[in-house]
Each structure stands twice: as structure tokens, then as C-alpha cells.
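Since the structure comes first, as C-alpha cells, the remarks are kept for the end.
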Amino acid sequence: MQNFQSKFKSDLLLRCYQFSLSIISLTDKLPNKRSVWVISDQLIRSATSIGANITEGKAASSRLEFKKYYEIALKSANESKYWLNLLRDTKITSPEETEGLICENDELCKMLAAGVMKLKKN
């Protein structure tokens, strides 16, 4: 069971890292406009914060602190979805450019939410 849990955590962290790289790649291709700067800056901050908080949580000194980092990661994932939807709905990006990222973001949210719920139960 321990091996499965550590594989799940490393897969989640790897997916968060790859998601961050994809977000950076997307934002580097966006138009050079003031409104886009604000959205892309917020998106980069929230998306990269997901994996950063999971990484920080690994060094937590207590279970409560560990849970807090996962909750913050989940909040960042939810925020990232907002910014991705805003990019898509303002037509700054095409739906094709953002749909895959929105789907991956949803998956990360589900994984993080499941982890938070499990940590709250125990």
C-alpha cells in the first residue's frame, strides 16, 4: 500500500510539473496586450503554485500542515481553471488551445480534492 501511495504522489507531482510547463508554453504564445499580461501572469502564478505547494507539503512537520498545503494546491488549481476559461471565453486563445489544459486541470482538481478529503477523514 505504501508503494502505491508514493507512486500516486509522484504521479500527481509529475502531472503538476508538466501542467506548469504547458501553461508557460501557452502563455509565451499569447499576444502582447495589457489585458493578456494580467491574465497570463495570474495563470502562471496559480498553475505553478499547484506543484510548488505539493512539494512544500512533502516537507511538512505535521499532518495538519501537510493537509493545508494540499488545500492551497487545490485552491490554486481552481483559480487556474478560472483564468483558462477566461482566456478561452474572451477568444484570446482558441478552444483547442485551452480545452486540453482545462481537462488536465479538472483531473488535478479531482486528485487533490480526493487527497484533501482523505486527509480530513483520518
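Could you please let me know if L86 is touching a residue at least 12 places away in the same chain (Cβ under 8 Å) and surrounded by 19 or more Cβ atoms within 10 Å (Cβ to Cβ)? When the stated conditions are applied, L86 does not pass them. Checked against (1) closer than 29 Å to F66 by Cα; (2) charged (D, E, K, R); (3) surrounded by 12 or more Cβ atoms within 10 Å (Cβ to Cβ), E97 passes all but condition (1). One residue stands out in segment 58-81 among those that are of a type in the set (S, T, N, Q) and buried (at least 18 other Cβ atoms within 10 Å of the Cβ): the one that is farthest from K91 (Cα to Cα), namely S76. Checking each residue in segment 32-57 for being exposed (fewer than 12 other Cβ atoms within 10 Å of the Cβ) and over 20 Å from Y82 (Cβ atoms) picks out only N32.
Throughout, read-outs are computed from the coordinates displayed, never taken from laboratory work. As the structure is a computational prediction, the values presented were derived from the model and not from experiment. Here Cβ is always computed from backbone atoms with ideal geometry, including for glycine, and neighbour counts include all displayed protein chains.
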